[in-house]
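Everything below concerns the one structure shown next.
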Amino acid sequence: MTRPKFAESPDDLMPLQQALQLSGLEFMQGILAGEYPAPPISKTLNFDLHDVQFGQVVFHGAPQFDAFNPLGTVHGGWYGTVLDSAMACAVMTTVPKGKYYTTLEYKINIVRPIPLGRRVRIIGTVDHSGRSTVVAQGRIEDVETSKLYATGTTTCIILDAPTA
């Protein structure tokens, strides 16, 4: 898999009105295919989109030294950000054209520390997709051993396109 092209400035990101012309699944598939730039947060935190299906996304990544806290372990914010990304992007795959979403809340549980540079799989899966809310869960697992590092849950709200 080739590295994605990352957005380098706000002008590189797709405008909301253009994104609303696509279903969330089409949008996420476009990022995976390299048709649309990947968000800069994934470059900063060293994770990228690996698979997209309706109701599920998978990222692969590895925390680098820049994500460490003063005690020499991966900062909880890294776990939270990659889980929020995976869970929310899974939600995105269920959003129809003309609508968008935002996270209402999320929670994570860190099971064990991820060693420096260890490749992990971050999986987001939708549990329930309703008219106005979507609930999803996430997992961070070791790519080689499937050892569990963290879990998460989220609730997102579905919003209508803003009027001009």
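Taken together, the values in this text are just the output of simple stated rules run on the coordinates, not laboratory data. Just so it is clear, the structure is predicted and the values come from calculations on it, not from any experiment. When we count neighbours, we look across all protein chains shown, and the Cβ atoms used for this are built from the backbone with ideal geometry, even at glycine.
A simple rule links phi to the HN-Hα coupling: the Karplus curve 6.51 cos²θ - 1.76 cosθ + 1.60 with θ = phi - 60°, which for segment 127-140 gives 9, 8, 10, x, 5, 10, 9, 9, 10, 9, 10, x, 9, 10 Hz, with x for Gly and Pro. Here the Gaussian network model covers the chain, with springs between Cα atoms less than 10 Å apart; of Glu26, Glu141, Glu105, Glu105 fluctuates the most. Please check which bits of segment 5-41 a label hung off His75 would reach, taking the label as a point 7 Å along Cα-to-C-beta and the cut-off as backbone N under 18 Å. Once the point is set 7 Å along Cα→Cβ of His75, 40-41 turn out to lie under 18 Å by backbone N, inside segment 5-41. Listing Thr154, Thr102, Thr163, Thr81 from fewest to most neighbouring C-beta atoms within 10 Å gives Thr163, Thr102, Thr81, Thr154.
Residue by residue, segment 77-85 carries 3J(HN,Hα) couplings of x, 5, 4, x, 5, 6, 5, 4, 4 Hz when phi is fed to the Karplus relation 6.51 cos²θ - 1.76 cosθ + 1.60 (θ = phi - 60°); x denotes Gly or Pro. If the chain linking Lys97 and Gln64 were pulled fully straight, counting 0.36 nm for each residue of separation and taking away their Cα-Cα distance, it would gain 8.2 nm.
Couplings 3J(HN,Hα) for segment 34-43, derived from phi with the Karplus relation 6.51 cos²θ - 1.76 cosθ + 1.60 (θ = phi - 60°), are x, 6, 10, x, 6, x, x, 4, 5, 6 Hz, where x marks Gly and Pro. The long axis of helix 24-33 is offset from the longest Cα principal axis of the chain by roughly 50 degrees. In terms of other Cβ atoms within 10 Å, Arg118, Arg139, Arg112, Arg131 run from fewest to most in the order Arg131, Arg112, Arg118, Arg139.
Annotation: the residues Met87, Met14, sorted from fewest to most other C-beta atoms within 10 Å of their own C-beta, follow the order Met14, Met87. Separation of segment 1-45 and segment 132-159, taken as the distance between their Cα centroids, equals 20 angstrom. Taking the structure as given and computing percent of Cα pairs over 29 Å apart, which label from (i) 16; (ii) 31; (iii) 35 fits? Derived directly from the coordinates: (i). Extension gain for Ala33-Leu159 works out to 42.8 nm (0.36 nm per residue, less the C-alpha to C-alpha distance).
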